[in-house]
């Protein structure tokens, strides 16, 4: 019942929020829902990790959670919880200022748990077709969240998001069908072969090679669009900058990684089927291109949230490159990086949300220096998170990036590591330069000081604290779980 | 493995699939919005007919379910919903594509040829009716072209839906029985919800921009 309840809790919360009237009830329902989702996620993680990576299955293998899924469940629940904590203060302030109305407020609290349910289903579904349906469901539930403010620009962003996303998903469905077709006629006595990932992996070498090759290309372009891989990333900065900050945090913190996860499942089958580096090299190429593209855009960016969106592009690129190198160390680094990034990015978006509510703009030229004087708490947390996201110690992203780079050097991918280093340095300079200009320096003193609530500070400092904690002390069971997930990705469970 | 296909069944399938492609080309040159929606409905009806023929050829009851879902969803509900949307927001009927009609016809023709070339190496894997896979890919490519060639939000939605028709045709052509029922039903509901969401969005765009011309959505750059 564990997997069913992970899916059921946020879904029921979403339904309850649609009928619950008092605002406080809606808010606490969301928080309570995600706290229990996190508790269930931890329980799943313990079950999988202690059972030596044996997958948990339910409903006749319809739902299946191995180490990789358990890891993703943890990420989704942590980011959703941080989001629901932060959203309380954010929307109360928005309602008071009249930028959101009652209806949009309720829309947010109904759609966010449904969005999370969709993501949980992506990682828990065994059937690849159901996984596609769930990815589509996450896209549909987040589109209206992106358009929440109903500004011209947010509608434009939502339209681009839904059209490009829809296009990508049609291609991904094509690829999914090809994968299914590749399995037809390979098991005697079955007219309808199983569409379950676990079965497809087990019979991977027998799958039709030609169809699998085509399938992976379609899936890569399709889910790659959802993951924001360049050059299909054009919706990403728009959607991430126009969405309300809590939604940006969910989109950037986990939604992109969910698409990467979907891609990984096909990558594993393709690798086992073709026995060559075909899918690996494609991931490596697209990842490197995304990383190299993100840097220049960050350097010239004038909008804080757009800059953060390009930074997400860079991190997704790094994850794909690391998986593409396929050394035990790099894949380990990639999974660790997913986790650390999921803890960091929301904080940055939350801080950007605070800044936007204070100054009603995110334009660097108009925010201007000395934010640390007018918004000391937000500025401090933003600064710390920026240090973390640019890969500086003592934060975890430094460790995971170093792991990936070291893994590249020890596995005949030295040139890849050099390119990664170059790209990271560009991004590092860009992010720190922009934020130093924003945060430090004298302020003109005319601005009122920020008022910040305890829940707001908690929502921002808890992920950062967790990040620091898990940087200096990665529990053995976590390491075990990630190592099991590495085994799954590299095709040797 | 596959039951022997009756020669007539295969020919009927090819005929129906080609008619779907003909309707797609008609979409590329038809300037009236409501007519476009009806052409899409007709195309979906052909898809349902294909599923029906497959179902009767193989005595597979779940393919009948797919046919029924297609009729309810894509032939009746979605066109009705889209036409209501068109009436609600009182937009002018004429579509102004970026590329003029003869040129779009030529481009669609070229894309169809391309689809046949792409599909050639894998046509041997088709379980049913010759050329259905090539036609499915042609629907995908021309749908893609229709999408970038249209300014109006609703016509872009229609283009996306025709691409989805192409994917469903490929599913039937490549796998004989379509996909497991749970997947088909899920896809069906996803498409219906997608159109509802898009409808809401189109409505809001229309209210905010006083227009449905998506080429006016151009404020966000890099």
Peptide ranges A:203-216, B:96-109 listed from the most packed, as the mean C-beta count within 10 angstrom indicates: A:203-216, B:96-109
Helix B:181-209 vs. chain B, principal-axis angle (Cα, 0 to 90°, nearest 10): 10
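Take peptide A:157-170, look around each residue's Cβ out to 10 angstrom, count Cβ atoms belonging to other protein chains, and average those counts. Could you put the intermediate results ahead of the total?
Details: counts 3, 6, 9, 3, 1, 7, 11, 0, 1, 11, 8, 0, 5, 9.
Mean number of neighbouring Cβ atoms from other chains: 5.
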Full-stretch length increase - residue A:101, residue A:443 - with 0.36 nm per residue and alpha-carbon distance subtracted: 119.8 nm
C-alpha long axis of helix A:67-97 to longest principal axis of chain A, angle in °: 30
Between 0 and 90°, nearest 10: helix A:304-325 axis offset from chain A longest Cα axis: 20
Calculated SAXS-style log₁₀ I(q)/I(0) at q = 0.10 Å⁻¹ - the protein assembly as shown, Debye, Cα scatterers: -0.96
Computed [θ] at 222 nm, deg cm²/dmol, chain A (DSSP H ≥ 4; -39,500 (n - 2.57); rounded to nearest 500): -26000 deg cm²/dmol
For chain B, calculated [θ]222 nm from helices alone, where every DSSP H run of n ≥ 4 adds -39500 (n - 2.57): -24500 deg cm²/dmol
Evaluated at q = 0.09, 0.17, 0.21 Å⁻¹: base-10 log I(q)/I(0), Debye formula over Cα of the stretch A:1-138: -0.28, -0.86, -1.17
Calculated FRET value between residue A:302 and residue B:203, using beta carbons and R₀ = 35 Å, to 0.05: 0.65
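For chain B, build the convex hull from the C-alpha positions and give me its volume per residue in Å³.
About 128 Å³ per residue, rounded to a whole number.
Each reported figure results from applying straightforward, stated rules to the coordinates on display, with no laboratory input. Source: prediction; values computed, not measured. Please note: Cβ atoms are built from the backbone with ideal geometry, for glycine as well, and neighbour counts cover all protein chains shown.
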